[in-house]
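Novice: Sharing a structure here in structure tokens format.
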Amino acid sequence: MAAVNKRVLQPGERIRVLVVDDSVVIRRLVTHALEQDPALEVVGAAANGAIALERIPQLNPDVLTLDIEMPEMDGLETLRCVRRDFPQLRVIMFSTLTERGASVTLEALTLGADDYVTKASNAGSLDRSMARLREELIPKIKQFFHLPGQSRAALRPAPAQAGATPAAPGGNSVWRSMKLRAKVLAIGVSTGGPTALGAILPELPAGFPLPVLVVQHMPPLFTRLLAERLDATCRLPVAEASQGDPLESGKILIAPGDFHLKVAASGAGVRVCLDQSPQQNSCRPAVDALFASIGEVYGGAAIAVILTGMGQDGLRGTEMLKARGATVLAQDEATSVVWGMPGAVVNAGLADRVLPLDQMVPEILRVAG
């Protein structure tokens, strides 16, 4: 799916949301949670996809929140129609934390859904459900828009913390001569990640000379199913990482949901180290956790790739790797679903190359030699 660039909202303009779910309780809950934010306006609700498709031209929403399991027309069928008839409309899926829910959500992401939120299986109190919706759904809606008064400059990341080694500019010939031969490829990605990974990882050739580590922001179960899907389409073996796995050339390991993926040197080489230490950047797994551990084990002998995603996870880890001589590649804004993570790295002056998605693998192969 081609990326849809962020739309700039005019002063006084709100993000228009259409809530699609067969449960009247969920529709009311989502509506109430969203309307507490002054930047959002729920313009309508629909009990299934067929009704939603009728209401889209009437209500002109910016965002659809779309349940997967619905009578008459389910979420996937609705999504196919939306992508065909309303390509600019942002779609956030509502998923359950079940095997089927995760599998169908991954299918929806490949069909062009922009993001998803998971329904809590036992949400408990109404207040807790509301708080969770506000914390998870509202930022995911807002990530697709420039809000009034929010300038590009305001979106740039804060400067590096005191004590961080400043990165040399990417075009500096002395800096380029410091580059070390890469021993590992590390990829960080979030919103839009399954589609981006599905585009680039199958392009890595059999016999690729480096181990590949991937942090995709996803919950447990989702990451295993993502690894299985990628394994079916890639020339390299793909698996969800397990504690103690050796890092092997030409093998792709995906960080498991709710665990930080780190590496540690041992007598037998370098192995995977999983832990549940505190979240970083509100994430576990976190790109920063992986990149920091790679810096400790490999120094700058790494290729760090930052792809589409919300927020700034990966920025601090990239600073560390770049200061040690690593090569940093960032996805460009035009092909990113959300240019948060790569944009933070680019705006901090850390990227050696800023590339569209289809040029990422040729550059990785060139750097990997």
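The values are calculated or read from the model by the stated rules, or taken from the named source; none is laboratory data. All figures in this text were calculated on a predicted structure; none of them were measured in a lab. Here Cβ is always computed from backbone atoms with ideal geometry, including for glycine, and neighbour counts include all displayed protein chains. When the accessible area is computed, the model is the full protein with side chains, heavy atoms only, and any ligands, DNA or RNA have been set aside. Shrake-Rupley method; radii C 1.70, N 1.55, O 1.52, S 1.80 Å.
Novice: Evaluate the stretch 51-64: report whether one residue or more is of a type outside the set (Asp, Glu), surrounded by 16 or more Cβ atoms within 10 Å (Cβ to Cβ) and within 23 Å of the chain's Cα centre (by Cα).
Specialist: Scanning the stretch 51-64, I find at least one residue that is of a type outside the set (Asp, Glu), surrounded by 16 or more Cβ atoms within 10 Å (Cβ to Cβ) and within 23 Å of the chain's Cα centre (by Cα), so the answer is yes.
Novice: While we're looking at this one, here's another question. Of all residues being of a type in the set (Gly, Ala, Ser) and under 18 Å from the mean Cα position of the chain (by Cα) in the stretch 339-350, which is farthest from residue 201 (Cα to Cα)? Just the residue, please.
Specialist: Filtering first and then ranking leaves 344.
Novice: Quick check on residue 78: is it free of Cβ contacts under 8 Å to residues at least 24 places away in the same chain and within 26 Å of the chain's Cα centre (by Cα)?
Specialist: The answer is no for residue 78.
Novice: For the stretch 123-164, what are the residues that are over 21 Å from residue 62 (Cβ atoms), modelled with pLDDT of 50 or more and either open to solvent by 70 Å² or more (accessible area, probe 1.4 Å) or of a type in the set (A, V, I, L, M, F, W, C) (or both)?
Specialist: 123, 126, 127, 128, 130, 131
Novice: Continuing with this model, one more query. If only one of 245, 288 is of a type in the set (Asp, Glu) and touching a helix residue (DSSP H, G or I) at 6+ places or on another chain (Cβ under 7 Å), which one is it?
Specialist: 288
Novice: Of the residues 329, 290, 321, 315, which is crowded, with 19+ Cβ neighbours inside 10 Å and more than 20 Å from residue 183 (Cβ to Cβ)?
Specialist: Sole residue among the options that is crowded, with 19+ Cβ neighbours inside 10 Å and more than 20 Å from residue 183 (Cβ to Cβ): 315.
Novice: Check whether at least one residue in the stretch 273-285 is among the aliphatic types (A, V, I, L, M) and either crowded, with 20+ Cβ neighbours inside 10 Å or touching a Lys or Arg at 6+ places or on another chain (Cβ under 6 Å) (or both), and report yes or no.
Specialist: no
Novice: While we're on this one: Taking only pairs six or more apart or across chains, which ones have beta-carbon atoms under 6 Å, a first residue in the stretch 196-222 that is outside any loop (DSSP other than H, G, I, E, B), and a second residue that is open to solvent by 40 Å² or more (accessible area, probe 1.4 Å)?
Specialist: Pairs found: 202/233.
To keep it simple, each residue is scored yes or no on (1) modelled with pLDDT of 95 or more; (2) under 17 Å from residue 109 (Cβ atoms); (3) in contact with a helix residue (DSSP H, G or I) (Cβ under 8 Å, 6 or more places away or on another chain).
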| position | (1), (2), (3) |
| --- | --- |
| 202 | yes, yes, yes |
| 210 | yes, no, yes |
| 224 | yes, yes, no |
| 252 | yes, no, yes |
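Novice: Let me ask something additional. Which of the following residues is over 13 Å from residue 216 (Cα atoms) and either in a loop (DSSP other than H, G, I, E, B) or open to solvent by 20 Å² or more (accessible area, probe 1.4 Å) (or both): 363, 296?
Specialist: Going through 363, 296 in turn, the sole match is 296.
Novice: Out of everything in the stretch 166-194 that is assigned to a helix (DSSP H, G or I) and at pLDDT 95 or above, what residue ends up being farthest from residue 349 (Cα to Cα)?
Specialist: Here the residue is 194.
Novice: If residue 288 meets every condition in (1) touching a Cys at 6+ places or on another chain (Cβ under 8 Å); (2) charged (D, E, K, R); (3) in a helix (DSSP H, G or I) apart from one, which number is that one?
Specialist: Residue 288 satisfies every listed condition except (1).
Novice: Can you pull out every residue in the stretch 7-48 that is in contact with a strand residue (DSSP E or B) (Cβ under 7 Å, 6 or more places away or on another chain), at pLDDT below 95, surrounded by 15 or more Cβ atoms within 10 Å (Cβ to Cβ) and over 24 Å from residue 131 (Cβ atoms)?
Specialist: Within the stretch 7-48, 9 is the sole residue that qualifies.
Novice: For the stretch 23-45, which positions are within 25 Å of the chain's Cα centre (by Cα) and over 24 Å from residue 10 (Cα atoms)?
Specialist: Result: 30, single match.
Novice: Determine the pairs where a residue that is in contact (Cβ under 8 Å) with a residue 40 or more places away in the chain, located within the stretch 131-143, has a partner that is open to solvent by 20 Å² or more (accessible area, probe 1.4 Å) with Cβ atoms under 6 Å apart, the partner being 6 or more residues away or on another chain.
Specialist: 138/37; 143/310
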